[in-house]
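The values are calculated or read from the model by the stated rules, or taken from the named source; none is laboratory data. These numbers come from a predicted model, not from an experiment. Every residue, glycine as well, gets a Cβ built from its backbone with ideal geometry; the counts of neighbours run over all protein chains shown.
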Amino acid sequence: MGKVIVVTSGKGGVGKTTSSAALGAALAQNGDKVAVVDFDVGLRNLDLIMGAERRVVYDLVNVIKGEAKLTQALIRDKRLETLYLLPASQTRDKDNLTPEGVEKVIAALKNAFDWVICDSPAGIERGATLAMRHADVAIVVTNPEVSSVRDSDRIIGLLDSKTLKAENGEQMEKHLLLTRYDPARAERGDMLKVDDVLEILSIPLLGIIPESMDVLRASNVGSPVTLADDRSAPAIAYFDAARRLKGESLPVTVPGEKRGFFGKIFGRKAA
Amino acid sequence: MNFLRLFSRPQSAPAARERLQVLLAHERASAGDSDLVTKLRDEILRVISKHMQIDDEKVSVKMERGAQVSTLAVDIEIPFDAGKKAA
Ligand SMILES: Nc1ncnc2c1ncn2[C@@H]1O[C@H](COP(=O)(O)OP(=O)(O)O)[C@@H](O)[C@H]1O
Ligand SMILES: [Mg+2]
């Protein structure tokens, strides 16, 4: 039985889609079977970031409405044979995503894959709550910036109330992925410190992804950054995050600093 | 930072431009719900289902949208006794 991960944030443009593709690819590069699911109905982009945009035949809504079988809608990555994409519908509206339909699709994916990564749309509406509903683990993507941290706090509240896990009285496993971290701005003191964000949100740190041109280049060529350039700084940070997801305890290094975060952050459990 | 590696890399923006041009040309052309390739896909499947019971698991549909040409590949396993069943 696979694990369902939701990549969420509340705020748009923080790096959810980039991270879904990079973590999905990193796990698949390790041999795990991964399905990445785009929940951003109407504004799909994961297909473009993963370089599969020309090969979309069916989408999530087609599967939910019974117009296509799940196996027909899944697109296998051209480079990694254990990486699959389930695209969102570009043309239909969100009402086509029914809770029952999503439940069935996720259950089927869980059976066939080691990891099911749900790329959430921005906002706190239906699309975002459906994306998180069946998650076993949540990755909260946050930029070191006030509005992003505030929105993440909001999302953490939803993760603890609107998900199946929460409704069953269980604790949702939550991880913070700090993205677009700019060492130069941190050095100048113009960016929220890692410690500050961790203290405010008080969930364990999965990784810190530096702001990098390599991410832009990867999106230009339609390749997850871990595949486009596996030795680049963001790729290494995503590889490490993927290993932590698998349960390894690796120290988190802050870009531009020698210091490694370890026991300190992982010891601090959510309230 | 490995500068040699940085300089030896080709530019990525031209790839982005080309990918977007192809994608958007297709998306703009399909104002409604379906572009030509999608329509063909649906009609081909409809015609086939007139003659045999289609087992969804035995049908594979692949598309590749290109700048000049797109390809649509419908791969169907037709069982020996398919015709009799439908009749
Ligand atoms: N680490 C990073 N360095 C540089 N740019 C990034 C990084 N992460 C994301 N971006 C850029 O930020 C923008 C939004 O990213 P995206 O993953 O689409 O966010 P979301 O899915 O949360 O809306 C994109 O242009 C993307 O290339
Ligand atoms: Mg996105």
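Could you tell me which residue of the range A:66-81 is nearest to A:A25 (Cα to Cα), considering only residues that are among the small types (G, A, S) and touching a helix residue (DSSP H, G or I) at 6+ places or on another chain (Cβ under 6 Å)?
The initial filter retains those residues of the range A:66-81 that are among the small types (G, A, S), namely A:66, A:68, A:73.
If we keep only those that are touching a helix residue (DSSP H, G or I) at 6+ places or on another chain (Cβ under 6 Å) as well, we get A:68, A:73.
Details: A:A68: 25, A:A73: 19 Å.
It comes out as A:A73.
Restricted to the range A:26-116, the set of helices (runs of 4 or more DSSP H) holding at least 1 residues that are more than 10 Å from chain B (Cβ to nearest Cβ) and surrounded by fewer than 18 Cβ atoms within 10 Å (Cβ to Cβ) comprises A:99-112. Scanning the range A:1-29 for residues that are modelled with pLDDT under 95 and more than 16 Å from ligand 2 (Cβ to nearest atom) yields a total of 1. Say whether the condition of being touching a residue at least 24 places away in the same chain (Cβ under 8 Å), in a loop (DSSP other than H, G, I, E, B) and within 14 Å of chain B (Cβ to nearest Cβ) is met by at least one residue in the range A:202-219. No, the range A:202-219 has no match at all.
The one condition from (1) in a loop (DSSP other than H, G, I, E, B); (2) more than 15 Å from A:K69 (Cα to Cα) that B:M63 does not meet is (1). Restricting A:V14, A:V7, A:V37 to residues that are in contact with a Cys (Cβ under 6 Å, 6 or more places away or on another chain) and within 14 Å of ligand 1 (Cβ to nearest atom) narrows the list to A:V37.
Run down A:A166, A:A131, A:A122, A:A138 and say which single residue is of a type in the set (A, V, I, L, M, F, W, C), assigned to a helix (DSSP H, G or I) and within 16 Å of ligand 2 (Cβ to nearest atom). Reasoning before the result, please.
Values: A:A166 fails: within 16 Å of ligand 2 (Cβ to nearest atom); A:A122 fails: assigned to a helix (DSSP H, G or I); A:A138 fails: assigned to a helix (DSSP H, G or I).
That would be A:A131, the only listed residue that is of a type in the set (A, V, I, L, M, F, W, C), assigned to a helix (DSSP H, G or I) and within 16 Å of ligand 2 (Cβ to nearest atom).
Condition check: small (G, A, S), buried (at least 17 other Cβ atoms within 10 Å of the Cβ) and either under 26 Å from A:D160 (Cβ atoms) or within 15 Å of ligand 1 (Cβ to nearest atom) (or both). Does A:A241 satisfy that? The answer is yes for A:A241.
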